Amino acid sequence: MTSTERSGGRRVVLTVRETLPSPAARQRDRLRERLRELGTDGQVDEFEVIDCPKRIRCERPVDREARDRYDEYSRWARDRGVSLRPSFDVRECYAMDSGEKGDWVVFPAITVAVYETGGLAAVYPHADGDDYRSVADGLAALAEADTSGSVDDTASAPITTAD
């Protein structure tokens, strides 16, 4: 499949942390509405919203679905030479139940994954060197995508720091 052809459906998965502060919850609601609009415009064939824990243990994770999703996103990033960090990260944390330290996968508050023809085509947020691609960038790429083409994930201008 070339970058200008799309066969099958475009499915978008909006993943949000189970508990969000009010501003992030409002953002989730705006993103859900934007995905509905993209569906009406024919840019998205279907979408779903999935709750995700804030973090999971690397070893013996209780939420295997979240771990599988992280593994899938990591493979996607590795295959494309991009990074999910710093939005996704592995950190040493204390377990609230046992007080033991261990490595945990920490998830961003909001993630968008785009599937085309059943395969993972893009994950937001991610970084390509100094170029950061946010969830907003992902929605913009969906809005700009020709309904017969793939999501264009070329990087926008790099983010620079203020002086």
Notebook entry, point to check: Taking θ as phi - 60°, what are the ³J(HN,Hα) couplings along the stretch 94-111 by the Karplus curve (6.51, -1.76, 1.60), each to the nearest whole Hz, with x for Gly and Pro?
Noted result: 8, 7, 5, 6, 10, x, 7, 7, x, 8, 10, 8, 9, 9, x, 4, 9, 9
Next item on the list: First measure r as the distance between the Cβ atoms of GLU33 and GLU59, then evaluate 1/(1 + (r/R0)^6) with R0 = 41 Å and state the FRET efficiency to the nearest 0.05.
Entry: 0.60
Check: What is the Cα centroid distance between the stretch 47-82 and the stretch 97-145, reported in whole angstrom?
Finding: 10 Å
Item checked: Neighbour-count ranking [beta-carbon atoms within 10 angstrom, fewest first] of ILE50, ILE110 -> ILE50, ILE110
Check: Simple spin-label model, 7 Å along Cα-to-Cβ: ASP45 to ALA140 in nm?
Finding: 2.7 nm
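Only the coordinates and a few stated rules stand behind these numbers; no lab work does. All figures in this text were calculated on a predicted structure; none of them were measured in a lab. Neighbour counts run over all protein chains shown; Cβ positions are idealised from the backbone, glycine included.
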